[in-house]
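The values are calculated or read from the model by the stated rules, or taken from the named source; none is laboratory data. Small disclaimer: the values here were computed from a predicted structure and weren't measured. Heads up, the Cβs are rebuilt from the backbone with ideal geometry, glycines too, and the neighbour counts pull from every protein chain shown.
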Amino acid sequence: MDHTLGWWGTVSKVFTVLGFLLIIGAGAAVVLLGRSAVAGELQTEEGRKAIDRWSAMYKVMLFTVWENISNAQYAPNISQVQLELGASRSQISMSVLENSIVKAFAGLLIGMLADHIGRRKTILFFLGLMHVSTAACGWAPDARWFLAARFIQGVAQGGTVIVAGVIRDLFPVAEERATAFALFTSILMVVPLAAPSIGGFLGELIGWRLVFIMLLPGMFFSWTQMYLYLPETLVVKPDIGSSYWSEVGRLLGNYQLMSLIISLAMASAPASMTASNIPIILEGDMGVTPLQMALILGATTVLFMIGFMMSDGLSKTFGVLNLLRIGVTCALLPVTSYLTSGLALPHSVVMLISCQFLNGLVMGPFLMAADVLYMQPLEEVYALAEAFKTLLMLGLSPLLISVPGTILVSRSDNPVRSCTLIIASCISMAMFTAWAGFLSHPPEYALKVQAEFEAKRAAKAAEKEREEAKPQGEPPAGQAPATEGLRPAGALLEKKG
């Protein structure tokens with residue numbers, strides 16, 4: 001079978017080469033020009049206070065929307081992509097893992113860059129690169145060029161670490177940032193929620209290639225909106241060259257922060273294992289159709305979004321530190337379900353899908369609390385810290401866990417059992433690491449955050465009790481009685497007479 005596309009295959013090769021040239025050229029420009037490349041665009045403290053924080057967050061969110069949708073629409077069509085490109089099972093699985101690994105390592109450099117020269121130009125460049133890589137994926141002539149295009153797409157998607165830096169710039173208070181994080185995640189999930197279903201449906205109608213190409217107009221519109229209206233949020237200190245690396249040293253040397261980030265990496269391993277194995281298992285071994293797979297992915301996303309919304313309410317009720325304790329406890333539920341699926345019901349489609357649903361629903365509290373507490377003590381290295389977390393979660397975690405796990409699953413006589421036992425082990429290790437390294441003896445800053453939350457909650461409760469204890473009809477403190485300033489009726493009659 002001829003897997004070339006003629007002229008369009010040549011276009012894909014041109015875009016792929018162009019993507020590599022843009023990456024090399026941008027790197028050379030930063031090395032040669034440094035901070036002068038964005039002179040005059042960095043923010044001041046006064047200017048940042050005037051930014052509409054929620055509006056800026058919604059705009060920067062556009063980057064992560066496209067980063068997520070370009071991957072979410074791809075999963076339901078993965079079997080179709082494999083067939084048309086003539087790819088092996090390992091190659092098509094690697095196209096998922098490769099993207100995550102490249103995104104993680106690229107994000108480390110992008111995070112350092114964004115912390116030094118600003119968020120705005122950095123995110124605009126990588127969103128532009130995402131256009132190039134998406135077009136290269138859609139017109140790829142064979143599996144090798146598709147993998148090359150997915151590599152460039154991974155570099156472009158590494159810019160998503162900037163989003164966390166912007167949120168940390170604008171929302172310094174832990175509970176406030178938890179609310180922003182929950183809202184950001186909830187809104188962000190709306191698009192990936194629809195993407196698998198719509199992507200799977202369109203993939204059957206028009207083919208997976210056109211699904212990639214149809215993303216380009218929306219990406220360009222979003223890039224235009226960000227170019228015109230996204231403000232710079234970074235305030236760079238004059239001595240950042242020395243203070244920045246000192247904080248990097250403190251970050252890497254703090255074992256409690258490292259325990260949080262390692263537990264996050266272990267908890268994220270099931271996501272990459274799921275993305276690269278569960279669709280193939282359900283479609284190839286259990287007879288699930290691409291459209292059904294799209295609906296399953298969509299339902300999982302809905303439950304994940306609900307879990308994050310519940311997490312926001314729990315953080316406002318119990319505080320972020322207690323939210324982490326709740327998250328560690330709730331994680332026992334998916335561990336139990338995955339063990340049951342692998343050991344007792346390895347041939348049950350319903351059980352395997354139920355495991356996915358339960359994991360998506362209950363992991364929100366842990367992921368939210370660990371992320372907020374990880375970023376809380378930092379001052380200057382927001383984007384780098386997010387990139388380091390992403391490196392472990394999307395780079396080393398897939399490389400050390402998901403890639404060997406995928407190879408093991410592909411060679412196993414019982415793929416469901418192998419996959420579910422690996423996932424259950426990852427979640428168990430994540431929870432143990434978070435408890436042993438952080439929760440068993442929380443650091444001073446985490447206790448301070450929780451104490452401040454408890455004090456605010458106690459003050460609000462006391463104020464509510466005072467209001468409820470007032471006699472009925474008595475105005476709140478500081479408000480004049482309703483009759484004050486009214487003259488007696490007799491006095492008015494005398495004056496009239």
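A few comments on the model shown:
- Of all residues in region 189-214 being modelled with pLDDT of 70 or more and either polar (S, T, N, Q) or not in a helix (DSSP H, G or I) (or both), the one that is farthest from W66 (Cα to Cα): G207
- Across region 278-290, the qualifying residues are those that are under 11 Å from V409 (Cβ atoms) and at pLDDT 80 or above, and the one among them that is surrounded by the most Cβ atoms within 10 Å (Cβ to Cβ) is I278.
- Identity of the residue in region 122-161, of a type in the set (A, V, I, L, M, F, W, C) and under 19 Å from the mean Cα position of the chain (by Cα), that ends up surrounded by the fewest Cβ atoms within 10 Å (Cβ to Cβ): L124
- Checking each residue of region 377-396 against the condition of being crowded, with 22+ Cβ neighbours inside 10 Å, among the polar types (S, T, N, Q) and out of contact with any Lys or Arg (no Cβ under 8 Å at 6 or more places or on another chain) gives no match.
- Between S337, S348, the distinction of being among the small types (G, A, S) and either buried (at least 17 other Cβ atoms within 10 Å of the Cβ) or not assigned by the TED database to the domain that holds S440 (or both) belongs to S337 only.
- Within region 80-93, the residues that satisfy the criterion of being crowded, with 19+ Cβ neighbours inside 10 Å and either touching an Asp or Glu at 6+ places or on another chain (Cβ under 9 Å) or within 30 Å of G165 (Cβ to Cβ) (or both) are L85, A87.
- Residue tally, condition within 22 Å of T289 (Cβ to Cβ) and at pLDDT 80 or above, over region 93-124: 1
- Taken over region 98-121, the criterion of being surrounded by 24 or more Cβ atoms within 10 Å (Cβ to Cβ) and within 13 Å of V155 (Cα to Cα) is satisfied by N99, S100, K103, A104, A106, G107, I110, G111.
- Subset of region 354-400 [over 14 Å from the mean Cα position of the chain (by Cα) and farther than 22 Å from L324 by Cβ]: S354, C355, Q356, F357, E380, L384, G395, L396, P398, L399, L400
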